[in-house]
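What follows is calculated from the coordinates using simple rules that are stated; it is not laboratory data. Everything numeric here is computed off the predicted structure, so don't read it as measured data. Please note: Cβ atoms are built from the backbone with ideal geometry, for glycine as well, and neighbour counts cover all protein chains shown.
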Amino acid sequence: MSETKSDRRISRRSFLKGTAAVTGAAALTGIGVTEAAARTAIPRKWNLEADVVILGFGGAGACAAIEAAERGARVLVLEKQPEAKLINNTRMSGGIYHCPDPTGDRAALKEYAKAMFSGENIPWKLEGEQPEWSDGLAEAWAEYAPQNVDFLQKLDPQYKTVGFSAFAGAAFPKFPGAKDCKYRVFGSTFTGQASFNEATMNKPKMEKMNGEAFFYVLAEGARKKGVRIVYETPAKRLVQNDRGEVIGVIAAKKGGGEVAVRARKGVVITTGGYEYSKAMRKAFLEGPGVEGWAFYGSPDNTGDGIAMAMAVGAGLAKVGKAASRIITAVPLRYHGLKAGLITPAVGRPNAIVVDNYGDRYAAEHLVTKDPSRYFFYKEAVKFDILELIYPRVPSWFVFDETLRSTFTITNLGISTAGFGIVPWSKDNMDAVRRGWILQGNSIEEIAAKIRNHPENRKLMDSQRLVKAVAGFNESCAKGKDETFGRLAATLKPVEKAPFYALPLYPGGPNTKGGIAANAAREVLTWEGKPIPRLYTAGEISSALKFVYQGGGNLTECIVFGRIAGKNAAALKPWK
Ligand SMILES: Cc1cc2nc3c(=O)[nH]c(=O)nc-3n(C[C@H](O)[C@H](O)[C@H](O)COP(=O)(O)OP(=O)(O)OC[C@H]3O[C@@H](n4cnc5c(N)ncnc54)[C@H](O)[C@@H]3O)c2cc1C
């Protein structure tokens, strides 16, 4: 993977020849001259080389690397972050993934997966829109997903799974195949336990849990297979030859300048979503995508791979989709965007959610319950077509002293609090002192504080909030929420002063849409044609375009990461 003699032979002459050939090919293939001329020129000299070059060392990149290396390919991964501080979404995650029982009915499993991916096999649904490859995607899921536990335990026999009653089985029991596919969902651990409230980042291996354990297995697995990882080297542009094949990558070099990396067989883009790209959030998300949304994963997922793929003609698919609900965020900014926090306190007793006027609008437990928690954002981005505002952006989490003193608003073991991106104390009081959580001695005082919050735009009506709290407390006394159907077990009143409020924004762990790709995980043009030698996997090109079952993203990191790595490794080197 070091510089080779043949690299140095790629002289200025061949560079110019390459450029001329691009223009010629453009005329033949009908690519516009401007577009062709905008292509990254073939470098005169390649600084690094491998068979398969992978962009981004998260779950999908690691799985692609492992599979390609197992098939004899020399693999190089370019990673944007420094090694000592590598914190990607995979590592920050809950470590939950699917591994259907291998003794389940495979045809049923395929149907269930297809329903989640596109809904095309559900007669009463309208979405879908990937009929050309949803069958192949589902076939791949049915083949690979039941191997997931084995795949991880082969990499590290000390790795253990753990079950969660809240996520067991098929989350969509009415979907075709759900009954017979023996769906199973697992968490990740070395300890035998999985607590989302205990941070295990950088702890010794046998103390790791959740995403920290999951990513450890993959990262070490890749290293043991001889995969070379080059850190602090973000990929910037893809290099195509005159046949449109992707033959390399230009990356920013640590310390300045650029590095040209030749990919003899193929390139796999696994750079994660666009959670921290202001421009892409503006372009793709419903409503105010910059200030009105938040994500609680890695600030380094800035949509780079989407931009790079688009520059070589990739099409996009369901880019506005996100595995999202409503979450809180704080004014600590990364790339100019507020940092989000996983917010499991929503839907708990002694708390309600109201819109900017002070009215409840949904059964709050749906925000955090599976599977509705992956779609709840759609309730929050509702647009008032008469007033021309988003009355639920942000929404407001209003709670009392009982909740504040007994439940930590966020998880301290995973996500931004677990990985030191946002400071948070177990008793929530740090956030009160910082002014992130508003505090008041009465509901009227809380209403006034919300009204003075710039994001409320003076919409809060104290009387409406007082009425909402009183109505909710009456439902608690009756043991039944007749208006919204809030889960009876969570009906405990908001009554003990002081009271608190936090803004809640549409958002969650990650975006789910991006680069269009088929079942072989080849990146596709808008016309649906594969861009030669270019593959993708992970949340940047999620297969889960219709609905989402918790654990789906890590599952696809393994399933489609492996497929992308396998297919790239199987190519003959370009000449
Ligand atoms: C807190 C949290 C909890 C979650 N829990 C779960 C769960 O339990 N189960 C589940 O299935 N899903 C979960 N998810 C979602 C899931 O973790 C992600 O969708 C998944 O890990 C994405 O993997 P990935 O490899 O696509 O991206 P990532 O793991 O984010 O990796 C992308 C990598 O690309 C690098 N990169 C970015 N740009 C460049 C560039 N230009 N050049 C080189 N490298 C670049 C990044 O630094 C990063 O290392 C959770 C997410 C979060 C944030």
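Values computed for the structure shown
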| item | result |
| --- | --- |
| HIS453, HIS98 arranged by Cβ crowding within 10 Å, fewest neighbours leading | HIS453, HIS98 |
| On Cα atoms only, tilt of 59-70 relative to the major axis of the chain in degrees | 30 degrees |
| Computed FRET value (nearest 0.05) for ASN441 with GLU527, which takes r as the C-beta separation and R₀ as 45 Å | 0.10 |
| Debye log10 I(q)/I(0) for region 440-517, one point scatterer per Cα, at q = 0.11, 0.14, 0.16 Å⁻¹ | -0.43, -0.62, -0.74 |
| Between 0 and 90°, nearest 10: helix 552-569 axis offset from the chain longest Cα axis | 0 degrees |
| Ratio of the Cα radius of gyration of region 504-575 to 2.2 N^0.38 Å, where N counts its residues | 1.24 |
| Label-point separation in nm, LYS278 to LYS125, each point 7 Å along Cα→Cβ | 3.7 nm |
| Residues of type lysines that LYS265 reaches as a straight line, Cα spacing below 17 Å, ignoring anything fewer than 8 places off in the same chain | LYS566, LYS572, LYS575 |
| Viscosity 0.692 mPa s, temperature 37 °C, Stokes-Einstein D of region 278-421 from Kirkwood C-alpha radius, µm²/s | 199 µm²/s |
| Full-stretch length increase - LEU487, ASP430 - with 0.36 nm per residue and alpha-carbon distance subtracted | 17.5 nm |
| Label-point separation in nm, LYS575 to ASP384, each point 7 Å along Cα→Cβ | 6.8 nm |
| Extension gain (nm, one decimal) between ASP370 and GLU132, 0.36 nm per residue minus Cα-Cα | 82.8 nm |
| Residues LYS449, LYS426 arranged by fewest to most Cβ contacts within 10 Å | LYS426, LYS449 |
| Over the chain, volume per residue of the alpha carbon convex hull, in Å³ | 156 Å³ |
| Order of PHE196, PHE399 under a 10 Å beta carbon neighbour criterion, fewest first | PHE196, PHE399 |
| Efficiency of FRET from Cβ geometry, LYS224 and ARG71, R₀ 22 Å, rounded to 0.05 | 0.90 |
| Whole-angstrom gap from region 329-358 to region 495-518, using each part's C-alpha centre | 7 Å |
| Reachable lysines from LYS512, criterion Cα separation under 18 angstrom, eight or more residues apart if same chain | LYS114, LYS278, LYS282, LYS318, LYS321, LYS378, LYS545 |
| Angle between the chain longest axis and helix 443-452 axis [Cα atoms, degrees, rounded to 10] | 40 degrees |
| J(HN,Hα) series, region 169-175, from Karplus relation 6.51 cos²θ - 1.76 cosθ + 1.60, nearest Hz, glycine and proline x | x, 7, 6, 10, x, 8, 6 |
| More than 24 angstrom apart: percent of Cα pairs within region 205-307 | 43 percent |
| Label-to-label distance, nm, for residues given as ASP359 and ASN202 (7 Å Cα→Cβ offset) | 4.9 nm |
| Pairs of Cα atoms farther than 21 Å apart, region 322-509, % | 46 percent |
| Sequence-distant residues sharing a close amide H with ILE247 (under 5 Å, placed H) | VAL239, GLN240, ASN241 |
| Contour minus Cα-Cα distance for ASN473 and ALA166 (0.36 nm per residue) | 107.8 nm |
| Environment charge of LYS321, counting only residues whose C-beta is closer than 9 Å and scoring Lys/Arg +1, Asp/Glu -1 | +3 |
